[in-house]
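Have a look at the structure below, then the notes.
The values are calculated or read from the model by the stated rules, or taken from the named source; none is laboratory data. The model shown is predicted, which means the values in this text are computed figures rather than measured ones. Cβ atoms come from the backbone with ideal geometry, glycine included; neighbour counts cover every protein chain shown. In case anyone asks, the SASA skips ligands and DNA or RNA and just uses the protein heavy atoms, side chains included. Shrake-Rupley method; radii C 1.70, N 1.55, O 1.52, S 1.80 Å.
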Amino acid sequence: MKKHVVLYKKLSDALMQRLEEHAHVTLIEKLDDQGMQQLRAALPQAQGLLGASLKLDAALLDLAPQLEAVASVSVGVDNYDINYLSERKILLTNTPDVLTETTADTGFALILASARRVVELANLVRNGNWKKNIGPEHFGTDVHGKTLGIIGMGRIGEALAQRGHFGFGMPVIYHSNSPKPAVEARFNAQYRSLDELLQQADFVCLTLPLTPQTENLMGAEQFALMRPESIFINISRGKVVDEPALINALQQGQIRGAGLDVFVREPLEPTSPLLQLDNVVATPHMGSATFETREAMARCAVDNLLAALAGTRPANLVNPQALR
Ligand code: 8YV
């Protein structure tokens, strides 16, 4: 008997065909008002859910009494009420590993773009304002050999350390909930307290998940510890940062600049003060957004969901406590 799966993220034809071989599939094309109505109407029949970028709270989950598994097309799981899912014995899966390298590439894109003022100077050319040789008023700052500070040494943090160490000859310092001897051995990385890292790093990079413990981790006190020539990079979640405090630190010159791929509210409001600052490079949560990686993530989510619905343990189970 085929189970019923509700998709709220479009899949490639190949993955859609694969899923339809094993399940009845309802696709919610867009999560606008009409799409949310369609989703609410489909949930009562759903045994499986697959998608991303939707806050899946108890109110929505209560509309799905038959739900057995939720497959997120993401590594971050802050959109899910994990305790409630587990109480309901609903398996939650995510897609780690397949997006690690691409997201670390995005992190380095932001490091280079913010340090060398790539966006600002590319726009100078595009706008016809390149009238003479670039002078000190347009100089950026070097990346190679500078100290790379990584807050959160998980898969993505480790991939960032690899790029800094081997690619740019950067001394790597890191802060994590526990020391990582393997990372220290591979990249000559050194553990620091959060305050020490903020005081010593030329680039402060956030690569940790959003949890109740990390929300607003970076506030006025933390930005004040950073040096005026240091640059802040965020490829984790916007809510790990007290955004008004970041804006103030940038406006006051407490830090040199910022490269930001995530924000407290997304999409970022066009009126955000962050977009009025030339020393901010802002990108639209594109961390994992390549053709290859998003297809790999979706494939991983489909594999996870089909395994869960078949009664076997999925490869990327977030809440093993939900296993029956
Ligand atoms: C996207 C991400 O939000 O994986 C995550 O946690 O933040 C990004 O990859 C997600 O993949 C949207 O599909």
**Item:** Accessible area (Å², per residue) of the stretch 100-282, counting only protein heavy atoms and a probe of 1.4 Å
**Value:** 48 Å²
**Euclidean distance between Cα centres, the stretch 280-296 to the stretch 137-212, Å** = 21 Å
**Complete:** Note to self: C-alpha centroids of the stretch 222-237 and the stretch 112-134 sit apart, in Å, by 23 Å
**Degrees separating the helix 100-115 axis from the principal Cα axis of the chain, which is the longest one** = 30 degrees
**Asked** If you take the C-alpha gyration tensor of the stretch 23-98, multiply each eigenvalue by 5 and take the square root, what semi-axes do you get, largest first, in whole Å?
**Response** 18, 15, 12
**Request:** Calculate how many DSSP beta bridges within the chain are antiparallel, expressed in % of all such bridges and rounded to the nearest 5.
**Result:** 5 percent
**Complete:** For the stretch 88-177 the trypsin sites (Lys or Arg not before Pro) that pass both the DSSP coil test and the at-most-12 other-Cβ-within-10 Å test are 131, 132
**Asked** Mind checking which aspartates and glutamates have their C-alpha under 18 Å from residue 10, skipping anything on the same chain fewer than 8 residues away?
**Response** 20, 21, 29, 32, 33, 292, 295, 303
**Message:** Less than 25 Å apart at the alpha-carbon level, and either on another chain or at least 8 residues along: which lysines does that give for residue 89?
**Reply:** 2, 3, 9, 55
**Request:** For helix 13-22, report the angle its Cα long axis makes with the longest principal axis of the Cα atoms of the chain; keep it between 0 and 90° and round to the nearest 10°.
**Result:** 30 degrees
**Request:** Taking each pair of different alpha-carbon atoms in the stretch 236-311 once, compute 1/r for the pair, average those values, and report the inverse of that mean as the Kirkwood hydrodynamic radius in Å to one decimal.
**Result:** 14.7 Å
**Fill in**
For the stretch 40-175, the Cα-Cα pair-distance distribution in 5 Å bins from 0, as whole percents, is 2, 9, 14, 13, 10, 9, 10, 10, 8, 7, 4, 3, 1, 0
**Prompt:** Using a probe of 1.4 angstrom, how much of the accessible area of the chain is carbon and sulfur, in percent?
**Reply:** 52 percent
**Request:** Considering only lysines 8 or more places apart in sequence, or on different chains, count the pairs in the stretch 100-282 whose C-alpha atoms sit under 30 Å apart.
**Result:** 4
**Request:** Could you go through the stretch 68-85 in sequence order and give the Karplus-derived ³J(HN,Hα) for each residue, using 6.51 cos²θ - 1.76 cosθ + 1.60 with θ = phi - 60°, rounded to whole Hz, and x for Gly and Pro?
**Result:** 10, 7, 10, 10, 8, 8, 6, 8, x, 10, 6, 7, 10, 7, 5, 4, 5, 4
**Prompt:** Mind checking which of 267, 171, 44 has the largest fluctuation in a GNM of the chain, springs on alpha carbons under 10 Å?
**Reply:** 267
**Request:** Collect residues whose amide H, placed 1.01 Å from N in the peptide plane, falls under 5 Å from the amide H of residue 3; neighbours closer than 5 in sequence don't count.
**Result:** 24
**Prompt:** Can you pull the semi-axes for the stretch 83-123, root of five times each eigenvalue of the Cα gyration tensor, sorted largest first, whole Å?
**Reply:** 39, 12, 7
**Message:** Which one, 129, 204, 115, projects farthest toward the positive side of the charge dipole computed for the stretch 100-282 from Cβ point charges (K/R +1, D/E -1)?
**Reply:** 129
**Prompt:** Given q = 0.14, 0.22, 0.23, 0.24 Å⁻¹, what are the Debye log10 I(q)/I(0) values for the stretch 98-186, with equal point scatterers placed on the Cα positions and solvent ignored?
**Reply:** -0.59, -1.04, -1.10, -1.17
**Prompt:** What dipole magnitude, in Debye to the nearest 20, does the stretch 100-282 give about its Cα centre under +1 on Lys/Arg Cβ and -1 on Asp/Glu Cβ?
**Reply:** 440 debye
**Hydrodynamic radius (Kirkwood) for the chain, which is based on Cα pairs only, to one decimal in Å** = 21.2 Å
**Request:** Go ahead and run the numbers for FRET between residue 62 and residue 13, Cβ-Cβ distance against an R0 of 41 Å, rounding to 0.05.
**Result:** 0.80
**Request:** Determine the distance separating the Cα centre of the stretch 1-47 from the Cα centre of the stretch 65-104; give it in Å without decimals.
**Result:** 16 Å
**Prompt:** Taking Rh as the Kirkwood radius, which is the inverse of the mean 1/r over Cα pairs, what is the Rg/Rh value for the stretch 100-282?
**Reply:** 0.96
**Request:** Divide, for the stretch 4-62, the radius of gyration over alpha carbons by 2.2 N^0.38 Å, where N is the residue count.
**Result:** 1.08
**Item:** the stretch 38-132, dipole about Cα centre (Lys/Arg Cβ +1, Asp/Glu Cβ -1), debye to the nearest 20
**Value:** 740 debye
**Message:** Rolling a 1.4 angstrom probe over the protein chains, ignoring ligands and nucleic acids, what is the accessible area of residue 22 in square angstrom, nearest 10?
**Reply:** 100 Å²
**Request:** Please arrange 55, 180 by accessible surface area, largest first, computed with a 1.4 Å probe and ligands excluded.
**Result:** 55, 180
**Prompt:** In degrees, nearest 10, range 0 to 90: what is the angle between the Cα axis of helix 291-309 and the longest Cα principal axis of the chain?
**Reply:** 30 degrees
